[in-house]
Each structure stands twice: as C-alpha cells, then as structure tokens.
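The structure appears right after this line, and notes come after that.
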Amino acid sequence: MLYDNVFGTFTTYADAPILMPISEILDGMGAIELKALSTMNAATRSATMKLKKEAQGKSLAEIKKLNWDLAPDIAESLNVVWDKGYKLGSKHAIKEMREAVPVKQNSLQYAKVSDLIKAIFELKPFSVFDRPKAAVKKILSRNLLIAGDYAKDVLARVKDNISQGMITQANGYTMPQKEVNALISETLNVSQSRAAMISRTETTNAYNESRVETFKQSSLATHCRFLAIADDRTTDICETRNGIVFPIAEAPKYQPALHVNCRSTISVLLPKINPAHQRMIEDASLDPKNRPLAPLPVGWR
C-alpha cells in the first residue's frame, strides 16, 4: 500500500463524528496513484526505447540533438490524476459533511439551518473540469510544467547514457553495450522513483483541493482541521500542524500537499450544528497561531 494511515493519532472529542473509514481513503487514493505511476512509467520506457533505436548509427553531435515527445503523455497522466483525485475528494468531502450532522437534532435549535442541512444531503461530487475555466487552465498549465521538467531531466540522462558507448577513454576503453544498457536501466529506475513522488504528491494536491472546494459549497462549513499521519515517516512540517483548526478561508495556507510525498489531509468543521466542532474552534491549543509550525520547503507556496 502506497499510503499509510492518514488519520494516525489525534486530539479526540467524545462526541466528535466518526471519521470516514481509513481503508476507503487509502484504497481510493492508492488506486489513483498506482494508475498514474503505471502510465508514466510505461510512457517513459516506450520513449526511451524509441530514442535508443533512433540513436543507432548517429554521431555524438546528432545524439545531442535528439528529442522526444514525452511531456504531453506525462501531462495527460497528471490531468487524469486531477480528474479522478477531484472526484474522489469531492465524494469523500460530501460523505464527511453528512456524517458531521448530529443524528439527534433539537428541532427548535436547527430550524434556522434546516435548509442548509438539506442542501448538504443534496450535494453531488464534481470533477476538476467542472470548475471555472481559469482554475482549470491553471491546473493544466501546472501539470504541463511538471511534465516538461520531468521529461527534460530523463531525456538528458538517457542521451548521456547512450553517448557513453561512443566515447573512447584515454586508455582506449569504450563502454560495451551491456554496460550502456545497465546505465539506461538505472536511469529508468530513477525516473520511476521520481514518477512515484509526482503521482503521490499530485494525488494529495488534487484530493485536498477538491475537499476544500466541496466544503465551500455549504455555508455551514466554516473551518477545517489539519490531519497528519502519526508514524516514523511523518515530517516535522505535518507533525507540527497535526490537529490545527483554521477558517476555511485560510485553507490555502495549510492545505496538503505541503511537501513532496505528503500524505496528510484536512477535515471539515460545522460549528453551527455540531457542538464538538465548535469546541475545537474555541480550543486555543488547536490555533495555529499558538503552534511553532515547521517552515515549508523553500518556494513551496
């Protein structure tokens, strides 16, 4: 399994709603990540074998000029990640909001918000492509940029690998094809690790952005809570934010992914109808202003 227990150990409240089954989150996100990783690896391997074939009989100068059209395939894989991640995040967010509505409601207390509660149960999951055109364009452009950086890096490595078989050292040694192939295999292994990092991080990005956008569909959702895992791979960045509560308007500051391979997520709070949520908001220990938060990676946000 590529994802660990997302919800780990948290400050709990006796009458807080039961969170979604962890297995449902892990299975859904893991499936998206694995599919993207498989597609990216297949595209990279295919492009590498094609480039290797095209390089046969060419000079070092000609090899240096070789190029490939890998970036669009990688970008398309990321577009699929965002489409599926958005749908899953929206689906889970709606389910979580519904479960946050207390079963026992005082008719007088909830009379003023009955229509808002009903609206939560009428929400439908949506795709990233259902968002405003400007937002979609921004995501697609970012995916193409990530894909371009990935493709450019792998291309440079593969061309260097191929060239090694044509360079005669001062001692007259020329690397045999078997060793060149080994270098290419090593490059593909490195690219696979990077592809895994990209697919995991972008799945987390898409999933959590969708959750926030879905929460915003209800005026009852006023705050969010950061939920980090609790294991030996938890970063200081996520550990210091674990459990913090913040207004939904400030979600962009705390919304995962907060670093590469981030596995955290955020939950919703509906204080107008859920007393436990109101207490979380009033709990000073959960205010990020009262926490020494580990800094994000340089240039991350």
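The values are calculated or read from the model by the stated rules, or taken from the named source; none is laboratory data. What you see is a predicted model, and the numbers here were worked out from it, not measured in a lab. Neighbour counts run over all protein chains shown; Cβ positions are idealised from the backbone, glycine included. Please note that ligands, DNA and RNA were not included when accessible areas were found on the heavy atoms of the full protein model with its side chains. Shrake-Rupley method; radii C 1.70, N 1.55, O 1.52, S 1.80 Å.
Of all residues in the range 243-268, count the ones that are free of Cβ contacts under 8 Å to residues at least 60 places away in the same chain and surrounded by 19 or more Cβ atoms within 10 Å (Cβ to Cβ). Full working, then the answer.
Pass one, the range 243-268, residues free of Cβ contacts under 8 Å to residues at least 60 places away in the same chain: 244-259, 266.
With surrounded by 19 or more Cβ atoms within 10 Å (Cβ to Cβ) added as a condition, the list becomes 244-246, 251, 254-258, 266.
Matching residues across the range 243-268 total 10.
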Starting from the range 139-159, keep only residues that are in contact (Cβ under 8 Å) with a residue 60 or more places away in the chain and closer than 23 Å to Arg301 by Cα, then list their pairs with residues that are open to solvent by 60 Å² or more (accessible area, probe 1.4 Å) and basic (Lys, Arg) whose Cβ atoms are within a distance under 8 Å, requiring at least 6 positions of separation or different chains.
Tyr150/Arg194
Given (1) closer than 21 Å to Thr265 by Cα; (2) out of contact with any Asp or Glu (no Cβ under 9 Å at 6 or more places or on another chain); (3) assigned to a helix (DSSP H, G or I), index of the condition Leu144 fails:
(1)
Here are the criteria: (1) of a type outside the set (Lys, Arg); (2) in contact with a Ser or Thr (Cβ under 8 Å, 6 or more places away or on another chain); (3) open to solvent by 20 Å² or more (accessible area, probe 1.4 Å); (4) at pLDDT below 95. Tell me which single one Val80 does not satisfy.
(4)
Hey, could you check the range 140-170 for residues that are touching a Ser or Thr at 6+ places or on another chain (Cβ under 8 Å) and hydroxyl-bearing (Ser, Thr, Tyr) and say which is nearest to Ala195 (Cα to Cα)?
Tyr150
Report, by residue number, each residue of the range 269-295 that is surrounded by 14 or more Cβ atoms within 10 Å (Cβ to Cβ) and among the aliphatic types (A, V, I, L, M).
Leu269, Leu270, Ile273, Ala276, Met280, Ile281, Leu286, Leu293, Ala294
Count of residues meeting criterion [within 19 Å of Gly165 (Cβ to Cβ) and in contact with a Phe, Trp or Tyr (Cβ under 8 Å, 6 or more places away or on another chain)] in the range 48-80:
2
Go through the range 227-269 and count every residue that is within 15 Å of the chain's Cα centre (by Cα) and not in a loop (DSSP other than H, G, I, E, B).
6
Quick check on the range 145-152. Is at least one of its residues surrounded by 14 or more Cβ atoms within 10 Å (Cβ to Cβ) and either modelled with pLDDT under 95 or closer than 30 Å to Ile273 by Cα (or both)?
no
Residue in the range 101-112 that is part of a helix (DSSP H, G or I) and surrounded by 18 or more Cβ atoms within 10 Å (Cβ to Cβ) present:
no
For the range 202-226, give me each residue that is open to solvent by 20 Å² or more (accessible area, probe 1.4 Å) and more than 14 Å from the chain's Cα centre (by Cα).
Glu213, Lys216, Gln217, Ser219, Thr222, His223, Arg225
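Could you identify the single residue in Lys133, Lys137, Lys124, Lys118 that is under 17 Å from Ile74 (Cα atoms) and open to solvent by 80 Å² or more (accessible area, probe 1.4 Å)?
When all the criteria are applied, what remains is Lys137.
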Mind checking which residues of the range 153-201 are exposed (fewer than 14 other Cβ atoms within 10 Å of the Cβ) and basic (Lys, Arg)?
Lys178
